[in-house]
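One structure is given here, and the rest of the page talks about it.
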Amino acid sequence: MAELMKTIGIWLSAYFTLSIFSFLYKDNPFYKLAEQIFVGLSAAYWLVYTIYNILIPNLFNKLFTDFANNWILLIPMVLGIMMLMRMFPKLEWVSRYPMAIMIGTTAAIAMLLSFQSDFLSQIAATIVNPFKFSSPVDIVGTILIIIGTICGIYFFYFSKKPEGFYKIPSKVGIWFLMVSFGASFGYTVMARISLLIGRLDFLLRDWLHIIK
Amino acid sequence: MKSKIPQFLAFISGVVILVAAFIPHTPFGMFEETLTNWFMIISSFAILLGQSSLIQSNLAKISQKAPDWKYHIATLVSFGAMLIFGLLWGMENTPGILGQGEKIAENLGAKPFDYLFEYAFMPLSSTMFSLLAFYIASAAYRAFIFKTFESNLLLITAVIVMLGRTSFATVLTSWIPDSLHFLRLPELTDFIMQYPNTAAQRAILISAALGVVGASLRIILGIERSYLGGDK
């Protein structure tokens, strides 16, 4: 039975794969159906994942097994239910309270994390003596990092229009950014091609058994 | 009151987290942990809200017989099936309302939720993302077209990085003498990733961090109130 269900599963996967690829020709009913099924499945997947990995261990288990020590969790639970009031237009304002707590907490956490890891740590990692390295590649590379970081930051300084001499660091900043975008683009292309290879491999190996 | 109290709550929750970071002692450390835990729970309800909104919008399209309304039935059916299977028999090692569902898992080869995940969700998701491989080709044509010095930089870097990460690059540049080994494509790719790319990423990170700090302060201090959704 399990073997038969596996075969059915492979055929189902092949049907969905070909349905999505059919969009390359043009929008069609097979693609539309597969797209909507994908939306439904992914929404339900994240809902079930949230229930089992966040709500049950962090809220319901604690409330049901040791209510006396965890009654304080009723507050986020009530706030969570208040959040759901957004579905009812007349009670929409109730959802503002939990939303405010979420936004305030997120803002503070993001501020601390950004300041520590993205601001201070990155500056500390940039301010190094390039001549402490013995390899010429490392020396040139470290000098490039210092110049690139300073010029890149200068490019994002919008309070003054870069004119005359001030245009030079801004221009150099753009060059570094373009190199980085090129590298990211290259990696994105490779990642997508690798996914495509994975799907073709599935079709040719698991479904059609052309590749052994 | 409907906007003042939420602003005050955002201010208090934000300040508690900030103060706790600088005073890691009782009661602030405890406050931070509690608020972070609450945040996680409330966010989960936000996901629930998102899914309810999805159901509502799909039901509305079906009831109004909007264009292509029949496909929205498939959304609801697939959503319902995955949700019910997940709730009844759980996912992976987590039991559901009816336990682990050993018998049904024996027949299917996996739990129903995991079966749908493996044979429907996974192929749909990876094929959907792999579609971009085709469209990226036309995007690449537009991005890589020789127009300016900057677009040439993007083109040359992307080509070096793409080639440099394949075994073909080693074959292509193996003739370069050892004294100029850093010009070989794999090593050139490593150099680009390690130095110019790092420099630009740092510039972006540092600038974005300043933006995040500014935006967060605006929210905590109540200057930014758009999350409250108007002045009603």
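The table below gives the values:
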read-out	value
Out of A:32, A:26, sole residue that is charged (D, E, K, R) and either touching a residue at least 24 places away in the same chain (Cβ under 8 Å) or not in a helix (DSSP H, G or I) (or both)	A:26
Set A:141, A:182, A:152, A:186: member being of a type outside the set (A, V, I, L, M), out of contact with any Leu (no Cβ under 9 Å at 6 or more places or on another chain), surrounded by 15 or more Cβ atoms within 10 Å (Cβ to Cβ) and within 9 Å of chain B (Cβ to nearest Cβ)	A:141
Residue among B:66, B:140 that is modelled with pLDDT of 90 or more and at negative phi	B:66
Selection status of residue B:92, closer than 18 Å to residue A:75 by Cα and surrounded by fewer than 16 Cβ atoms within 10 Å (Cβ to Cβ)	no
Residue in region A:160-169 that is of a type in the set (Gly, Ala, Ser) and facing another protein chain (nearest Cβ under 7 Å) present	no
Qualifying residue in region A:190-199 (condition: in a helix (DSSP H, G or I), under 22 Å from residue B:152 (Cβ atoms) and under 26 Å from the mean Cα position of the chain (by Cα))	yes
Enumeration of residues in region B:122-166 that are surrounded by fewer than 16 Cβ atoms within 10 Å (Cβ to Cβ), more than 19 Å from residue A:171 (Cα to Cα) and among the charged types (D, E, K, R)	B:142
Residue B:46 being within 7 Å of chain A (Cβ to nearest Cβ), modelled with pLDDT under 90 and either in a helix (DSSP H, G or I) or touching a Ser or Thr at 6+ places or on another chain (Cβ under 8 Å) (or both)	no
Which numbered condition residue B:52 misses (of (1) more than 27 Å from the chain's Cα centre (by Cα); (2) facing another protein chain (nearest Cβ under 9 Å))	(1)
Those helices (runs of 4 or more DSSP H) lying entirely in region A:63-121 with at least 1 residues more than 9 Å from chain B (Cβ to nearest Cβ) and not charged (D, E, K, R)	A:67-70, A:74-84
So residue B:44, is it within 23 Å of residue B:224 (Cα to Cα) and crowded, with 17+ Cβ neighbours inside 10 Å	no
Subset of region B:106-117 (residues that are buried (at least 17 other Cβ atoms within 10 Å of the Cβ), assigned to a helix (DSSP H, G or I) and at the interface with chain A (Cβ under 9 Å from one of its Cβ atoms))	B:108, B:113, B:115, B:116, B:117
Residue within region B:82-91 that is within 8 Å of another protein chain (Cβ to nearest Cβ), aliphatic (A, V, I, L, M) and touching a strand residue (DSSP E or B) at 6+ places or on another chain (Cβ under 9 Å) present	yes
Test: residue in region B:61-80 that is among the β-branched types (Val, Ile, Thr), surrounded by fewer than 17 Cβ atoms within 10 Å (Cβ to Cβ) and in contact with a Gly (Cβ under 8 Å, 6 or more places away or on another chain)	yes
Complete set of residues in region B:167-192 that are under 27 Å from the mean Cα position of the chain (by Cα) and surrounded by fewer than 18 Cβ atoms within 10 Å (Cβ to Cβ)	B:190
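The values are calculated or read from the model by the stated rules, or taken from the named source; none is laboratory data. Here the structure is a predicted model, which means the values were calculated and not measured. So basically every Cβ, Gly included, is an ideal-geometry build from the backbone, and we count neighbours across all protein chains shown.
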